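Okay, structure first, notes after.
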Amino acid sequence: MTERQLHLGAFMRPVSLHTGAWRYPGSYPDANFNFAHIVAFAKKLEAAKFDAFFMADHLAVLNMPEEALKRSHTVTSFEPFTLLSAIAALTSRIGLVATASTTFDEPYHVARRFASLDHISGGRAGWNIVTTSNPDAALNFGLDAHVAHGERYERAREFYDVVTGLWDSFDDDAFIRDIESGAFFDPAKLHALNHKGTELSVRGPLNIARPPQRWPVIVQAGQSDPGRQLAAETAEVVFCSPRDLPSGQALYANIKGRMGKVGRNPDHLKILPAAFVVIGDTLEEARAKRARLDTLVHYDSAIASLSIALGHDASKFDPDQPLPEVPETDASKTGREQVLRLAEQERLTVRQLAQRYGGYSGLAFVGTPQQIADDMAQWLYEGGSDGFNVVFPYLPQGLDDVVERLVPELQRRRLFRTDYEGKTLRDHLGLSRPKSRYA
């Protein structure tokens with residue numbers, strides 16, 4: 001029986017999700033938009049044998065008040081395909097995952113970009129499918145209001161079918177390049193998709209050869225009920241954000257349990273929760289590092305972050321009272337529910353809740369390398385995850401702590417690879433190559 005090992009991705013856009021990261025002593029204030037720094041991070045992660053470098057994306061400046069926005073190090077960021085194509089030329093093994101929205105993009109565009117990235121990188125591309133929760137994004141794409149939550153997921157499901165169909169436009173052996181006859185490809189091995197659905201109409205074929213991985217790895221967030229169903233039907237990796245092991249186990253069982261009902265093998269999906277990792281020589285030192293980091297979050301940013309999570313302006317709430325009733329919106333329902341649950345469970349005031357969201361409010365492993373390795377092993381062996389999407393508290397030291405101190409401890413315990421066993425992202429994740437629908 002093969003030993004179970006962790007899969008580790010690196011959440012790299014922004015380079016840290018913590019609002020105070022750019023202000024931490026010794027950090028690079030411009031790390032989120034400095035190409036030389038980002039390449040150095042990618043090379044360190046590859047040397048540590050991480051599965052993937054994950055670049056999230058936003059299609060609008062974050063919808064927060066100017067006083068809060070001016071304190072955010074995420075206000076500017078590289079366009080993901082441009083950045084990852086450049087990183088592909090400077091690395092050789094680490095996977096390269098980018099976000100592309102199914103709500104505000106077209107499937108032919110997305111299919112071309114990911115097919116190109118997969119070819120450029122030699123089979124290391126992954127597509128993070130999102131429906132986009134920020135309502136301000138709609139205003140950048142000719143709409144007066146955000147598309148309703150349910151409609152976004154209906155479009156996403158059809159969008160997936162179209163994109164993966166376009167990737168099958170050419171058979172693997174279509175390009176014969178026969179110099180004698182002058183035939184560059186075999187027309188019998190070219191397929192037009194001719195898709196006509198309720199949301200999309202796409203003829204095809206795609207004007208790019210089938211990607212090296214057959215198609216890039218499909219990555220999704222999967223916490224709302226529609227998101228979980230979409231993940232069960234289509235995803236190969238799920239990035240998610242349960243706050244503790246019981247909620248992680250419930251999410252893990254729910255998504256994998258749905259897969260059998262749609263004819264998929266649960267082993268063909270890896271679930272990787274986001275994990276904020278702060279390392280110290282002692283537990284007390286690690287906690288002190290996090291406490292210092294949290295003090296660098298200005299209240300303007302804190303209350304704005306809470307507003308984003310709720311999908312509702314929280315700036316008018318009494319900061320020293322419990323959270324009042326908050327109406328539903330078309331923003332992320334998962335995010336709103338998490339805020340309400342945390343406020344109730346810990347009986348937090350609006351101020352306390354805002355401070356938590358202004359820094360980092362998700363799953364955190366804070367301690368020594370040995371303690372964090374224990375925690376990660378528990379999640380792996382007790383049905384909480386297949387690994388983690390690591391969130392660094394600040395850069396570069398937070399990343400260096402992980403690759404130089406935590407990874408060796410995981411390797412010593414045989415919980416993480418000591419070298420790559422293949423060249424593609426599918427190889428790293430232990431995922432098979434999909435067959436063409438025309439095979």
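With a/c under 1.5 counting as rounded, go ahead and sort the stretch 235-344 into rounded, prolate or oblate using the C-alpha gyration tensor (a ≥ b ≥ c being the square roots of the eigenvalues; past the cut-off, prolate if a/b is larger than b/c, else oblate). It is oblate, given that a/c is not under 1.5 and a/b is not larger than b/c.
Comparing Q378, H298, S361 along the charge dipole axis of the stretch 295-383, the residue lying farthest to the positive side is H298, per the Cβ-charge model.
Could you work out what % of the accessible surface of the stretch 147-256 is carbon and sulfur, using a 1.4 angstrom probe and leaving DNA, RNA and ligands out of the count?
52 percent
Averaged per residue, the stretch 49-143 has 37 square angstrom of accessible surface, using a 1.4 angstrom probe with ligands and nucleic acids left out. The accessible area of S116, taken with all protein chains in place and a 1.4 Å probe, comes to roughly 40 Å².
With respect to the cross-link table entries K43/K435; K270/K435; K49/K270; K49/K423; K189/K435; K43/K423, which display a Cα-Cα separation exceeding 21 Å? Intermediate values should be presented prior to the final figure.
Values: K43/K435 32 Å; K270/K435 19 Å; K49/K270 17 Å; K49/K423 12 Å; K189/K435 14 Å; K43/K423 15 Å.
Result: K43/K435 exceed 21 Å.
Coupling constants for the stretch 313-327 follow from the phi torsions by the Karplus curve (6.51 cos²θ - 1.76 cosθ + 1.60, θ = phi - 60°), and in residue order they are 5, 9, 5, 8, 6, 5, x, 10, 10, x, 5, x, 5, 10, x Hz; glycine and proline get x.
Taking 7 Å steps out from each Cα toward its Cβ at Q370 and A148 produces label points 5.7 nm apart. The portion of the accessible surface of the stretch 284-439 made up by carbon and sulfur, rounded to a whole percent, is 44 (1.4 Å probe; DNA, RNA and ligands excluded). The helix-based estimate of mean residue ellipticity at 222 nm for the chain, built from -39,500 (n - 2.57) per DSSP H run of four or more residues and divided by its residue count, is -11500 deg cm²/dmol to the nearest 500.
Heavy-atom accessible surface of the stretch 297-439, averaged per residue, reaches 46 Å², computed with a 1.4 Å probe. Here the stretch 50-93 has 57 percent of its accessible surface on carbon and sulfur atoms, given a 1.4 Å probe and all protein chains in place. The mean sequence separation of alpha-carbon pairs under 8 Å and at least six residues apart, normalised by the residue count of the stretch 148-205, gives a relative contact order of 33 percent. Sorting T349, T99 by accessible area puts them as T349, T99; the probe is 1.4 Å, largest comes first, and only protein heavy atoms count.
Taking the solvent-accessible surface of protein heavy atoms with a 1.4 Å probe, what is the per residue accessible area of the stretch 223-284 in Å²?
Working: 2290 Å² over 62 residues.
About 37 Å² of surface per residue is accessible.
A Stokes-Einstein calculation at 10 °C with viscosity 1.306 mPa s, built on the Kirkwood radius of the chain over Cα pairs, returns a diffusion coefficient of 70 µm²/s. The order of E233, E284 by accessible area, most exposed first and with a 1.4 Å probe, is E284, E233.
The values are calculated or read from the model by the stated rules, or taken from the named source; none is laboratory data. Here the structure is a predicted model, which means the values were calculated and not measured. All Cβ positions, glycine included, derive from the backbone under ideal geometry; neighbour counts span all protein chains shown. Areas reflect the complete protein model, heavy atoms only, side chains present, ligands, DNA and RNA absent. Shrake-Rupley method; radii C 1.70, N 1.55, O 1.52, S 1.80 Å.
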